[in-house]
1. List the GluC sites (Glu not before Pro) within region 171-236 that fall in a DSSP loop (any state other than H, G, I, E or B) and whose Cβ has at most 15 other Cβ atoms within 10 Å.
2. What residues qualify as long-range amide H neighbours of Val148, i.e. H under 5 Å apart, gap of 5 or more or another chain, H built at 1.01 Å from N?
3. Stick to Cα atoms and the Kirkwood definition of Rh, then tell me Rg/Rh for the chain.
4. Short version: ³J(HN,Hα) in whole Hz for each residue of region 280-293, in order, from phi by Karplus 6.51 cos²θ - 1.76 cosθ + 1.60 (θ = phi - 60°), x for Gly and Pro, what are they?
5. Among Val14, Leu194, Leu336, whose Cα sits farthest toward the positive end of the charge dipole of the chain (+1 at Cβ of Lys/Arg, -1 at Cβ of Asp/Glu, about the Cα centre)?
6. Find, among the chymotrypsin sites (Phe, Trp or Tyr not before Pro) in region 196-291, those assigned to loop by DSSP (not H, G, I, E, B) with at most 15 other beta-carbon atoms within 10 angstrom.
7. Any idea what the relative contact order of region 180-294 is, in percent, if you count C-alpha pairs under 8 Å spaced at least 6 apart?
8. Whats the longest run of the chain with zero trypsin sites (Lys or Arg not before Pro) that are DSSP loop and have at most 16 other Cβ atoms within 10 Å?
Amino acid sequence: MSIFLLADVGGTNVRFALYQKEEVVAASTFKIRHFDSFESAVRSFLAQTNSSVDGFIIGAAGIKKNNAIQLTNYRWNIDALLLKTTFRLKEVILVNDFSLQGLGLIDCEVADYISLGGTTVSPNGTRAVIGAGTGLGVCFLVQEKGNVWRVFESEGGHTLIGSISKGMSVLNQALSEKIGYVSFERILSGPGLLSLYRLLKEKGQNWIDETLKEELQSMQTAFSFALQNQVTAKEFTVTEPTDITDLAQQGHQTALLCWWLFLKYLAVFCSDMAVTLKTTGGVYLVGNLLNHSFARKLIERFPFRETFEKKGVLSSYLKQIPVCLTVKKDIPLAGLKYIAHHLNNW
């Protein structure tokens, strides 16, 4: 029976585990910055667990090219052929890390997500997985013969941002003047949330009242539960996306408006992806940014379906497509296990 090393390589941490007899054992997490290379991190894990393996299955944060991935946020270069030779392995499978998010959702159960509406789900239909984090991750799942799912990577997050209201159009123009090409990722990510908040603060309340009046009023109605919170803390300097969520939770109006606009763009983007590949199997949202406990409350009170279904002649078609906020734990590890379990189909 073969033993595989599973590796989930992010921008900060690398998570290792062993897969044997369809079970995962000996999981450990290391800080990437503590190692000069992926190979040295592997050696440390194998020494720690006193293990030898027959193959690697790796998901890494970067674009795969020539069966290698240069990490987006660190100097590691992970080359499948080099690893196979260096460690004398039978098999090395290398995929983009967001593919693991898709594969890890294949066996989702009702308890693993919060429904954001939709009338019909096709169990065999194409699925879209969208994640707002350091960037905007997108992948699609398509079922093939033998009930095996195939994941298709996408750079859909870099498509040009859209608008379905006058306020969004004005905001798009302001963003364009500030940062140039405005892709959805420039908003629908942690850095994007920061950019949006800073723009609103820079423009000021008078500009918001004049140009985003309808958006502001809609936000005040939907998020009244949060605005009723008595603001006891001053609006401190924002340096992290979580700061904006904290300010929103305290009832600060600009932070709540920032989240309102963020969710509106997210619903528009989900709608675009749903019609691009006819995702009758649903749209699944993942990522820590959306899974903050207060962010979940905002998502559930935001009129997501109304925005998602605003698609002209395709509005009635979109009514049937479900959207789900995923709360499942350890999704990347589940994705690695899925590959290991279906190795013959990879």
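Since every read-out is calculated from the coordinates, none of them should be taken as a lab result. Only a predicted model underlies this, so the values are computations on that prediction, with no experimental measurement involved. Methodologically, a virtual Cβ is constructed for each residue, glycine included, from the backbone with ideal geometry; neighbour enumeration extends over all protein chains shown.
1. Answer in residue order: Glu235.
2. none
3. Numbers: Rg = 21.5 Å, Rh = 21.5 Å.
Radius of gyration relative to Kirkwood radius: 1.00.
4. With coefficients 6.51, -1.76 and 1.60, one gets 5, x, x, 10, 10, 9, 9, x, 5, 4, 8, 9, 4, 4 Hz.
5. Final value for the positive-end residue is Leu336.
6. Working: sites: Tyr197, Trp207, Phe223, Phe225, Phe236, Trp259, Trp260, Phe262, Tyr265, Phe269, Tyr284; in loops: Phe223, Phe236.
Sparse-neighbourhood loop chymotrypsin sites (Phe, Trp or Tyr not before Pro): Phe236.
7. Computed value for region 180-294: 30 percent relative contact order.
8. 91-233
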